[in-house]
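Report on one structure; see the data block that follows.
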Amino acid sequence: MARVALVTGGTRGIGAAISKALKAAGYKVAASYAGNDAAAEKFKAETGIAVYKWDVSSFDACAAGVKQVEAEVGPVDVLVNNAGITKDGAFHKMSLEQWNAVIGTNLGSLFNMSRQVIEGMRGRKFGRIINISSINGQKGQFGQVNYSAAKAGEIGFTKALALENAKGGVTVNAICPGYINTEMVQAVPKDVLEKSILPLIPIGRLGEPEEIARAVVFLAADEAGAITGSTLSVNGGQYMV
């Protein structure tokens, strides 16, 4: 029987690539999203993947959303915490709203989502939780104190939760993408990309969403049971830990 995978922020960008790759690998996939109904419906029509709308920064919304997914698709075996936002700005000008929104969506969502599935995974003696962090959670980034703090927090969350569940067949790992060829990066002016970003990447190019997706499929596999508490960097050699 196919395992069930739930991907937050799973209808666009890196999340969409992850959802598609998991489906291609034989998983029954559900993808959640926050607000872009048109993109979600297009994604559903193109892929046949079930989509669900809720705010991952709300514990109650996550509880209701996961309950619906489990009723319609099945108990969640693989959770990919991918949803995230940015609200950049220099810290001395950052508002409380910018801080709370990013921490709530990017870090709070890991508790909100993982808490809904962890007991079921422990009971079934199998689970995979994969958190999509960032290179900027490893090295920091100017103008992203909120984002970097959240993404660094994801790594700490990963390590601690992995320790708690290592004996129960539940693995918890993090992936830290670098600059990936998504809509967000494509919006960067071409001259800035070519002069300021690409020279920092040893492989000389952006990563592709599918490369992150392949890493997720690898960590989600039954055969990856000995890998837990790990942080996998996918950044073209830009930052080596």
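Annotations
- GLY137 being of a type in the set (Gly, Ala, Ser) and not in a helix (DSSP H, G or I): no
- Checking VAL188 against (1) under 19 Å from THR86 (Cα atoms); (2) assigned to a helix (DSSP H, G or I), the condition it does not meet: (2)
- LYS167 meets the conditions (1) out of contact with any strand residue (DSSP E or B) (no Cβ under 7 Å at 6 or more places or on another chain); (2) closer than 30 Å to GLY236 by Cβ; (3) part of a helix (DSSP H, G or I) in every case but one. The failed one is (2).
- Given (1) at pLDDT 95 or above; (2) closer than 22 Å to GLU183 by Cα; (3) out of contact with any Asp or Glu (no Cβ under 7 Å at 6 or more places or on another chain), index of the condition PHE59 fails: (2)
- Restricting region 47-91 to residues that are farther than 18 Å from ILE118 by Cα and basic (Lys, Arg), the residue that is surrounded by the fewest Cβ atoms within 10 Å (Cβ to Cβ) is LYS53.
- Selected residue (criterion: farthest from LEU110 (Cα to Cα)) from residues of region 9-46 that are aliphatic (A, V, I, L, M) and part of a loop (DSSP other than H, G, I, E, B): ALA25
- Criterion applied to ALA162, ALA152, ALA166, ALA174 was being over 22 Å from VAL217 (Cβ atoms) and modelled with pLDDT of 95 or more, and the one residue passing it is ALA152.
- Within region 217-241, the residues that satisfy the criterion of being part of a loop (DSSP other than H, G, I, E, B), farther than 26 Å from ALA2 by Cα and not hydrophobic (A, V, I, L, M, F, W, C) are ASN235, GLY236, GLY237, GLN238, TYR239.
Condition check ((1) free of Cβ contacts under 8 Å to residues at least 40 places away in the same chain; (2) within 21 Å of ILE130 (Cα to Cα); (3) small (Gly, Ala, Ser)) across all residues:
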position	(1), (2), (3)
LYS151	no, yes, no
PHE157	no, yes, no
ALA162	no, yes, yes
LYS167	yes, yes, no
PRO177	no, yes, no
ASN181	yes, yes, no
PRO189	yes, no, no
LEU200	yes, no, no
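- Contacts under 7 angstrom Cβ, first residue in region 77-88 being touching a residue at least 12 places away in the same chain (Cβ under 8 Å) and hydrophobic (A, V, I, L, M, F, W, C), partner assigned to a loop (DSSP other than H, G, I, E, B) and surrounded by fewer than 24 Cβ atoms within 10 Å (Cβ to Cβ), 6 or more apart: VAL78/ARG3; VAL78/TYR27; ALA83/ALA34
- Considered as a group, the residues in region 30-39 that are free of Cβ contacts under 8 Å to residues at least 40 places away in the same chain, in contact with a strand residue (DSSP E or B) (Cβ under 8 Å, 6 or more places away or on another chain) and among the aliphatic types (A, V, I, L, M) include one that is nearest to GLY9 (Cα to Cα), and that residue is ALA31.
The values are calculated or read from the model by the stated rules, or taken from the named source; none is laboratory data. On a predicted model such as this, the values are computed, not experimentally measured, just so you know. When we count neighbours, we look across all protein chains shown, and the Cβ atoms used for this are built from the backbone with ideal geometry, even at glycine.
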